[in-house]
1. From the list Ile263, Ile292, which residue is more than 28 Å from the chain's Cα centre (by Cα), more than 25 Å from Ser172 (Cα to Cα) and surrounded by 15 or more Cβ atoms within 10 Å (Cβ to Cβ)?
2. Could you check, for region 127-142, whether at least one of its residues is closer than 26 Å to Ser18 by Cβ, touching a Phe, Trp or Tyr at 6+ places or on another chain (Cβ under 8 Å) and not in a helix (DSSP H, G or I)?
3. Filter region 146-155 down to residues that are small (Gly, Ala, Ser) and either within 18 Å of Leu182 (Cα to Cα) or not in a loop (DSSP other than H, G, I, E, B) (or both) and give me whichever is farthest from the chain's Cα centre (by Cα).
4. Taking region 48-78, which residues are polar (S, T, N, Q), touching a strand residue (DSSP E or B) at 6+ places or on another chain (Cβ under 7 Å) and surrounded by 19 or more Cβ atoms within 10 Å (Cβ to Cβ)?
5. Quick test of your reading of the structure: Val156 fulfils all but one of (1) touching a Ser or Thr at 6+ places or on another chain (Cβ under 8 Å); (2) farther than 15 Å from Ile192 by Cα; (3) open to solvent by less than 10 Å² (accessible area, probe 1.4 Å). Name the failing condition by number.
6. Would you please list the contacts, defined by Cβ atoms under 6 Å and residues six or more apart or on different chains, that run from a residue in region 221-239 that is in contact (Cβ under 8 Å) with a residue 60 or more places away in the chain and of a type in the set (D, E, K, R) to a residue that is open to solvent by 10 Å² or more (accessible area, probe 1.4 Å) and not in a strand (DSSP E or B)?
7. Residues being open to solvent by less than 20 Å² (accessible area, probe 1.4 Å) and modelled with pLDDT of 95 or more: count how many of those fall in region 175-186.
8. Anything in region 316-350 that is surrounded by 15 or more Cβ atoms within 10 Å (Cβ to Cβ), of a type in the set (Val, Ile, Thr) and over 32 Å from the mean Cα position of the chain (by Cα)? List them, or say none.
Amino acid sequence: MKISCTQENLNQGLNIVSHIANKNANLPILSNILFKIEDKILTLIATNLEIGITTQVRGKVEQEGEFSVDAKLFNDYVSLLPRERVDLELEESNVKINCQKQNTKIKSFPGSDFPLIPKIKKENPYIITVKNLKSAINETAFSVSTSEARPELSGVLIHLNEGKMVLAATDSYRLAEKKISLVDGDKNERKIIVPVRTLQEISRILGVFKEDISLKEAENIEVYFSENQIMFSYNGTDLISRLIEGQYPDYTQIIPTEHKTRIKINTNNLIKAIKTASLFTKGGIYDVKLEILSAKKELVITSSSAQTGENTSLVEAEVEGVENSIVLNYRYLLDGLQNINSDTAILEINDGNNPCLLKPENNNNYLYIIMPIKQ
């Protein structure tokens, strides 16, 4: 096996795949990357048996073949090379690397030892803009459950129907939902649960590509499905993952359809006030009280702790409806405020015993619900 490519191309390919190659005591080969050259194309492959990533690296192929190497060692080494031509050649049980004045040999392993990556036929894709998919992942994935008690809540529900994609995530204490439009794709309804790690990984990979000037035209990403797998395909890179089995709860039942009090408030001002109040919350409860004063058009935020003291902040707001109050977990509230992507936030409240609805102004495609802390 022999190939030449630029350090930039090789480094980008390694950054894309190496992230999921982890040490595994039972299967050490999973800490490796597979280099595979066939049909004059170099493909890098990594897997943790739940997610598999393949990406193509442009280069000049002189001899086909395959081998695998330790992902971290190889990635760290290539990242330190000058931005010049890199020559790779398999020599018995080593891969020889030449770049300018650098000559190195790294131990390699037979490609036949590497696990097979499942394949999905690239037929009937759902097509989404990269920008929309990244924002939808960022605005929902943080709400998934970290508990293993209910596996279905450890993933993000993706609901495809009539040219729309809806992503929803909940841990039973808060819920995030984002709606985006498809560029193209099947109009039939489909509901699946995708592991949050899978969506975080595809978002990270798209971030690796973002500074590549040549990709300005590559605005869309393709999504394919099989019975129990999903694949994202973008610019020569494919990520394939298993899906989570199970029935996702009908979360739409808890979305408030009416409210007694509605406030419109500057998002940054509210974030600062909540961060200040967080310094004086009770450990393990993280409670802040929001009092809405209709007459004064103010939101009063209070917190107190026997260990640190107490705090009261007043924030101007436009108020509709009756005076009201609710106690929330400040961490959940901050997560929502930092992800609504709007200078103005809308809060809708019924009372202190029912969910609080948070959404951006003039945007019905995103909502965030927080369950109250009952006193």
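1. Working: Ile263 fails: more than 25 Å from Ser172 (Cα to Cα).
It is Ile292.
2. So far as region 127-142 goes, no, none of its residues is closer than 26 Å to Ser18 by Cβ, touching a Phe, Trp or Tyr at 6+ places or on another chain (Cβ under 8 Å) and not in a helix (DSSP H, G or I).
3. Here the answer is Ser154.
4. From region 48-78, those polar (S, T, N, Q) are 48, 54-56, 63, 68, 75; that's our starting set.
Right, trim to touching a strand residue (DSSP E or B) at 6+ places or on another chain (Cβ under 7 Å) and you get 54-56, 63, 68.
Answer for region 48-78, where residues must be polar (S, T, N, Q), touching a strand residue (DSSP E or B) at 6+ places or on another chain (Cβ under 7 Å) and surrounded by 19 or more Cβ atoms within 10 Å (Cβ to Cβ): Thr54, Thr55, Ser68.
5. (2)
6. These pairs meet every condition: Glu222/Pro125.
7. Step one: of region 175-186, the residues open to solvent by less than 20 Å² (accessible area, probe 1.4 Å) are 175-177, 180, 185.
Now drop any that are not modelled with pLDDT of 95 or more, which leaves 175-177, 180.
The number of residues fulfilling the criteria is 4.
8. Once the filter is applied, which keeps residues that are surrounded by 15 or more Cβ atoms within 10 Å (Cβ to Cβ), of a type in the set (Val, Ile, Thr) and over 32 Å from the mean Cα position of the chain (by Cα), region 316-350 yields only Val319.
The values are calculated or read from the model by the stated rules, or taken from the named source; none is laboratory data. All of these numbers come straight from a predicted model, not from anything done at the bench. Methodologically, a virtual Cβ is constructed for each residue, glycine included, from the backbone with ideal geometry; neighbour enumeration extends over all protein chains shown. Accessible surface is based on the protein model in full, side chains and every heavy atom, while ligands, DNA and RNA are left aside. Shrake-Rupley method; radii C 1.70, N 1.55, O 1.52, S 1.80 Å.
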